[in-house]
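J.: Here it is, the structure, as structure tokens.
The values are calculated or read from the model by the stated rules, or taken from the named source; none is laboratory data. Note that the structure is predicted; figures quoted are calculated from it, not measured. Using ideal geometry, Cβ is built from the backbone for each residue, glycine included, and neighbour counts are taken over all protein chains shown. With ligands, DNA and RNA removed, areas are computed over all heavy atoms of the protein, side chains included. Shrake-Rupley method; radii C 1.70, N 1.55, O 1.52, S 1.80 Å.
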Amino acid sequence: MSEYAAARLNMVEGQIRPNKVTDQRLVDAMLDIPREQFVPKAARGFAYVDEDLAIGNGRYLMEPMVFARMLQEVGIDATDVVLDIGSGSGYSTAVLARLAATVVGIESDAELARQATESLSAVGVDNAVVITAPLTEGYPQQAPYDVIVIEGLVSEVPEGVLAQLGEGGRLVAAVLGDRGVGEVKLYQRSGGVASARTLFEAHTHPLPGFEAKPKFVF
């Protein structure tokens, strides 16, 4: 077993399984996708640490445990069409591609999007694409989606993004709560209305463009 394969197994057995992640399809996807392929070469020795990992330009891969729990909670079926907002260097898109029928990743940083496209090809992902686009707008051209995943902390989920969920669709995101702590929330569209419930707390880095808007004080 290679050094990276051993680290990947340790990630799953030490970080993923002990933290309420029981979906075997998800576990298999995280065992299959080489996380080190999606980080800068100088950081590959840290690819499997149990915290957010910097990938350049102020962007991060989410902590493996938080990412895995988010995907388990949103529940991805093999027939789903998924929108991955803030795909970064492509790791999240690659994992999602192992679970869903089609994945559309959007990334506002053109260089990260280019890296993501190259890395997805390198690991044999052929049912996903990464597009350079503003993150806060989602990607309405391919809507409606069965699942939307937002890869980072946001102040709120834009209504325009929620509107891209199909009936019965689910969205999962870490949203900044009243106490200044990220709370992973699951949104589901039913009867044309998207309702949310809080799942667990998550300390993760903010996603650019989703910062809270200044409030006017009179």
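J.: Just want to confirm a number: the relative contact order over the range 99-175, from Cα pairs under 8 angstrom separated by 6+ residues, in percent.
T.: Across the range 99-175, relative contact order equals 28 percent.
J.: Can you give the direction-averaged projected area of the convex hull of the alpha-carbon atoms in the range 1-78, in nm²? Can you show the working numbers first?
T.: Values: hull surface 21.8 nm².
Mean orientational projected area (the range 1-78, Cα hull): 5.5 nm².
J.: For the range 136-205, what does the convex hull of the Cα positions come to per residue, in cubic angstrom?
T.: On the way: hull volume 5.5 nm³, N = 70.
Normalising the Cα hull of the range 136-205 by residue number yields 79 Å³.
J.: Mind listing the long-range amide H neighbours of residue 153? Cut-off is under 5 Å, sequence gap 5 or more, other chains count too, H placed in the peptide plane at 1.01 Å from N.
T.: 205, 207
J.: Can you show me the helix-derived [θ] at 222 nm for the chain, built from DSSP H runs with n ≥ 4 at -39,500 (n - 2.57) apiece and divided by the number of residues, rounded to the nearest 500. If you can, show how the numbers build up before the last one.
T.: Values: 6 runs with 55 residues, N = 218.
The per-residue figure over the chain is -7000 deg cm²/dmol.
J.: Rg(Cα) of the chain divided by 2.2 N^0.38 Å?
T.: Normalised by 2.2 N^0.38 Å, the Cα Rg of the chain equals 0.96.
J.: Now, a different point. If you place +1 on the Cβ of every Lys and Arg, -1 on the Cβ of every Asp and Glu, and leave all else neutral, what size is the dipole of the chain about its Cα centre, to the nearest 20 Debye?
T.: 200
J.: Expressed as an acute angle from 0 to 90° and rounded to the nearest 10, what is the orientation of the C-alpha long axis of helix 64-74 relative to the principal long axis of the chain?
T.: 50
J.: Out of all DSSP beta bridges with both ends in the chain, state the antiparallel percent to the nearest 5.
T.: Here the antiparallel bridges make up roughly 45 percent for the chain.
J.: Carbon and sulfur: what percent of the range 4-46's accessible surface (1.4 Å probe)?
T.: After summing per-atom areas, the C and S share lands at 53 percent.
J.: To continue, here is another question. Sequence-distant or interchain residues sharing an amide H contact under 5 Å with residue 133, placed H: which?
T.: 107, 108
J.: Taking the Cα of residue 212, stepping 7 Å toward and past its beta carbon, and measuring to each backbone N in the range 171-198: which are under 15 Å?
T.: Only 175-183 fall inside the zone, counting backbone N under 15 Å.
J.: Ignoring ligands, DNA and RNA, how do 118, 151, 183 rank by accessible area with a 1.4 Å probe, largest first? Write out the running numbers ahead of the final one.
T.: Values: 118 105, 151 15, 183 45 Å².
In descending accessible area the options line up as 118, 183, 151.
J.: I've got another one for you. Once fully extended, how much extra length lies between residue 5 and residue 42, figured as 0.36 nm per residue of separation less the alpha-carbon to alpha-carbon distance?
T.: 11.5 nm
J.: Given H placed 1.01 Å from N in the peptide plane, which residues other than close sequence neighbours of residue 183 have an amide H under 5 Å from its amide H?
T.: Correct list: 175, 176, 177, 202.
J.: Something else about it: Over the range 75-218, what percent of the accessible surface lies on carbon and sulfur atoms, probe 1.4 Å?
T.: Heavy-atom surface of the range 75-218 belonging to carbon and sulfur, 1.4 Å probe: 52 percent.
J.: Can you list, largest first and rounded to whole Å, the semi-axes you get for the range 61-139 by taking the square root of 5 times each eigenvalue of its Cα gyration tensor?
T.: Square roots of five times the eigenvalues give 18, 14, 13 Å.
J.: In square angstrom, rounded to the nearest 10, how much accessible surface does residue 77 have for a 1.4 Å probe?
T.: My reading of the accessible area for residue 77 is about 80 Å².
J.: Moving on to the next point. State the Kirkwood hydrodynamic radius of the range 1-45 in Å, one decimal place, computed from all pairs of distinct Cα atoms. Intermediate results must be reported in sequence, preceding the final value.
T.: On the way: mean 1/r = 0.0899 Å⁻¹.
One decimal place: 11.1 Å for the Kirkwood radius.
J.: Under a Cβ-Cβ cut-off of 15 Å, what is the net charge of the residues other than residue 114 that fall near it, where Lys and Arg count +1 and Asp and Glu count -1?
T.: That works out to -3.
J.: Provide the per-residue ³J(HN,Hα) series for the range 102-108, in order, calculated from phi with Karplus coefficients 6.51, -1.76, 1.60 and θ = phi - 60°, each as a whole number of Hz, with x at glycine and proline positions.
T.: 9, 10, 10, x, 10, 9, 7
J.: Calculate how many DSSP beta bridges within the range 53-113 are antiparallel, expressed in % of all such bridges and rounded to the nearest 5.
T.: 40
J.: Using Cα pairs closer than 8 Å and at least 6 residues apart in sequence, work out the relative contact order for the chain, in percent.
T.: Reported relative contact order: 15 percent.
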